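Just so you know, all these numbers are worked out from the coordinates, no wet-lab data involved. Everything numeric in this text was worked out from a predicted model, so none of it was measured. Neighbour counts run over all protein chains shown; Cβ positions are idealised from the backbone, glycine included.
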Amino acid sequence: MQPDALDGWLAESFRLSFIGLSNWTQRAVFAEISGVQPALITAQPMVLLHQEAGSVSHAHLNIVQQANRVDLVLGDKPTLNTLDPNAPGYKAFFSIGPYRENLELFDSLVAQAIPLVSSALRMAVAITLIRETTNARESIRCLHRLAPNLPIDPNNDLDLIFQINRPTHNAQGLLINRLAKWEALQVTTVQVGVGAVPMPIVPSRPPVTAAQIYIDVSTDAERSSPLNNLSEIVSELRGQAVKLAEAGVA
């Protein structure tokens, strides 16, 4: 692929997950990772849930600690207006901006998060990209350009959803799952009347379309011994995820 293959694509979200943690104590970590204080803290010790969320630069960071698991999700601000094109701040789809520059922001957060975790049974890196299009046919063409080896006829096919997990092993023999999904989206928002008399369901805006890519690269779910060289493994997962996003099925 050419270096500009993802020009025009926006980052919808990035995720880093640590699963099967040992010696992990739930605590406030948002400021340690982001350098700023969270806007929201939710702690429910009875169900082993600790959540922190807030703005980091122009994006929204959500850190969720559950029993034996920690997820960092960088995405768009949840208050975004995606419903009313006549109201201020409207965007048809959630996104935090151009893919490459926001990947750098995610990388900086990951670098601060890794030292906080000593070991884990499993890790995952996920990337979701989106590109708004003018119609469904354009969505198919955008996906076909990025993944030309997929069995797609961009001049005929519609309603595309293609998903595959193509596992591989790294140089150390570690199993790495590479889940990739390409999808042509069409979203219609409707208004539903509420009252004693049944009201018709009518669209509140014209349908909007987009192409979406979801990549989730993770270590072996069946592994029973902890992973210790977390920085190296996260770097490998990140590299595999970026390769899939930029070059299609590998």
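When the chain is described by a simple charge dipole with +1 on each Lys and Arg Cβ and -1 on each Asp and Glu Cβ, the residue from Val47, Leu21, Asn228 located farthest towards its positive end is Val47.
When the Gaussian network model of the chain links Cα atoms closer than 10 Å, the mean-square fluctuations of Val208, Val110, Val47 top out at Val47.
Once the Cα-Cα distance is subtracted from the 0.36 nm per residue extended length, the Gln44 to Ile161 segment shows a gain of 38.4 nm. Within straight-line reach of Lys77, meaning a Cα separation under 23 Å, sit the following lysines at least 8 residues removed in sequence or on another chain: Lys91. Charge dipole (Cα centre; +1 on Lys/Arg Cβ, -1 on Asp/Glu Cβ; no other charges) of the chain amounts to roughly 260 debye. How big is the C-alpha Rg of segment 10-247 next to the rule-of-thumb value 2.2 N^0.38 Å, as a ratio? Normalised Cα radius of gyration, segment 10-247: 1.14. Of the residues Thr209, Thr134, the one with the fewest other Cβ atoms within 10 Å heads the list, and the complete ranking is Thr134, Thr209.
Between Leu103, Leu174, Leu129, the Gaussian network model of the chain with springs among Cα atoms under 10 angstrom shows the greatest mean-square fluctuation at Leu174. Taking 0.36 nm per residue of separation and subtracting the Cα-Cα distance, full extension of the segment from Gln172 to Asn229 would add 19.3 nm.
Oblate is the label for segment 36-109. Its Cα gyration tensor axes, ordered a ≥ b ≥ c, give a/c of at least 1.5 and b/c at or above a/b. In the chain, helical runs assigned H by DSSP with n ≥ 4 each contribute -39500 (n - 2.57); averaged across all residues and rounded to the nearest 500, the mean residue ellipticity at 222 nm is -6000 deg cm²/dmol.
3J(HN,Hα) along segment 170-181: 7, 5, 8, x, 6, 6, 10, 7, 10, 8, 9, 9 Hz, from the Karplus curve 6.51 cos²θ - 1.76 cosθ + 1.60 with θ = phi - 60°, whole Hz, x for Gly and Pro. Spin-label model, Glu222/Thr188: points 7 Å from Cα along the beta carbon direction are separated by 4.4 nm. Once you've got the GNM for the chain with C-alpha springs shorter than 10 Å, pick whichever of Pro88, Pro226, Pro38 has the biggest mean-square fluctuation. Among Pro88, Pro226, Pro38, the largest GNM mean-square fluctuation belongs to Pro88. Oblate is the label for segment 1-127, because a/c, from the alpha-carbon gyration tensor with a ≥ b ≥ c as root eigenvalues, is 1.5 or above and a/b does not exceed b/c.
Annotation for segment 86-127: trypsin sites (Lys or Arg not before Pro) lying in DSSP loop with at most 15 further Cβ atoms inside 10 Å of their Cβ are Lys91.
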